[in-house]
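Enquirer: My questions will all concern the structure given below.
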Amino acid sequence: MASSESPRRIALIVTTYNRPDALVRVLAGCSAQTDRAFDVIVADDGSRDDTRFAIEAAAKTAPYPLRHVWHPDDGFRAGEIRNRGVLATDADYLVFLDGDCVPRPDFVARHRALAEPGRLLSGSRILLSEEMTRDVIAQQTDIHLKDLAYWFSSWRAGRINKFLPLLVPGLPVPRTFKDTSLRGIKSCNLGVWRSDFERVNGFDQSFVGWGHEDADLAVRLYNAGVRRKRGFCATEVFHLWHREQSREQESPNYQRMMARRNTDIIRADVGLAELREQGA
């Protein structure tokens, strides 16, 4: 069901790190969007020059405003670079997307239709196998334009993990949650009103290393009274395979995040306000 209040402009904050071949496929998916009232900010967590070259090449033909925000490589700092990406746009609605998650042509349109005041929208993903990802990258396949027959055969061959969301897009499933579940909350496909994101001071940059900075954002939004809306069978992206990040800091990050649940903690310890003070 569409919201009575629609975003004025949407920004896709696309996080990337040293994977320009995958990023090119994501930007190609952005170029095919049916809803054109959006910007793309590539939030680059310290990639080499080949990523910059790929973005510059894409910008020459992109039918949307494309900006590249970069900071030096100093370890996994996804929260900070996403915050920097937000500061680079004045859009009133933010959709966080990873640089290996290819959006379908109606991705922006469906996020816009489902955007609702007081809600964050948790999107979902279809996982591609390592073999299929290798083929897509090598052949520069526009998977966002493939038809149902292609995806059904891919599912039957075990090259993707699910097919149902593609078969019944827009399925009227229950979308609103009264609880504060964190299951399925991932910053690779997450929509939030900018006003709510600003209220909680964005991602908490004091989270070190991989893991749970996205769940922490959700926890603090929940503490602020924002509730969740489900994007299943509407906002799916095609997630290209990659090796797992180091999870050395996962346990401390998880403990910090869980300690904030059901408290009055709303604002990130280090976030948007601190970046603004630094002149970012």
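The values are calculated or read from the model by the stated rules, or taken from the named source; none is laboratory data. Because the structure is a prediction, the values reported are computed rather than measured. All Cβ positions, glycine included, derive from the backbone under ideal geometry; neighbour counts span all protein chains shown.
Enquirer: Tyr150 fails exactly one of the following numbered conditions: (1) assigned to a helix (DSSP H, G or I); (2) closer than 18 Å to Cys233 by Cβ. What is the number of that condition?
Expert: For Tyr150, the exception is condition (2).
Enquirer: Identify, from the list Ile160, Ile185, the residue that is modelled with pLDDT under 90 and within 24 Å of Glu130 (Cα to Cα).
Expert: So the residue among Ile160, Ile185 that is modelled with pLDDT under 90 and within 24 Å of Glu130 (Cα to Cα) is Ile185.
Enquirer: Restricting to the stretch 78-120, count the residues that are closer than 30 Å to Thr141 by Cα, in contact with a His (Cβ under 8 Å, 6 or more places away or on another chain) and either without any contact (Cβ under 8 Å) to a residue 60 or more places away in the chain or not β-branched (Val, Ile, Thr) (or both).
Expert: Qualifying residue count for the region: 7.
Enquirer: Let me ask something else about it. Starting from residues that are among the aliphatic types (A, V, I, L, M) and surrounded by fewer than 24 Cβ atoms within 10 Å (Cβ to Cβ), keep the ones in the stretch 193-215 and report whichever is farthest from the chain's Cα centre (by Cα).
Expert: Once the filter is applied, the top-ranked residue is Val208.
Enquirer: Can you tell me which residue is farthest from Leu167 (Cα to Cα) among those in the stretch 52-79 that are touching a Gly at 6+ places or on another chain (Cβ under 9 Å), outside any loop (DSSP other than H, G, I, E, B) and not aliphatic (A, V, I, L, M)?
Expert: Trp70
Enquirer: If we scan the stretch 124-137, do we find a residue that is surrounded by 24 or more Cβ atoms within 10 Å (Cβ to Cβ) and polar (S, T, N, Q)?
Expert: no
Enquirer: How about the stretch 216-225: which of its residues are crowded, with 21+ Cβ neighbours inside 10 Å and touching a helix residue (DSSP H, G or I) at 6+ places or on another chain (Cβ under 7 Å)?
Expert: Within the stretch 216-225, Asp216, Val219, Leu221 meet the criteria.
Enquirer: Here's a follow-up. The conditions are (1) closer than 28 Å to Gly279 by Cα; (2) in contact (Cβ under 8 Å) with a residue 60 or more places away in the chain, and Gly29 fails exactly one of them. Which is it?
Expert: The number of the failed condition is (1).
Enquirer: Of the numbered conditions (1) over 17 Å from the mean Cα position of the chain (by Cα); (2) within 22 Å of Ala273 (Cα to Cα); (3) among the basic types (Lys, Arg), Arg8 satisfies every one except a single condition; which is it?
Expert: All conditions pass for Arg8, except number (2).
Enquirer: Any idea how many residues of the stretch 48-87 are farther than 25 Å from Trp210 by Cα, surrounded by fewer than 20 Cβ atoms within 10 Å (Cβ to Cβ) and of a type in the set (A, V, I, L, M)?
Expert: The number of residues fulfilling the criteria is 3.
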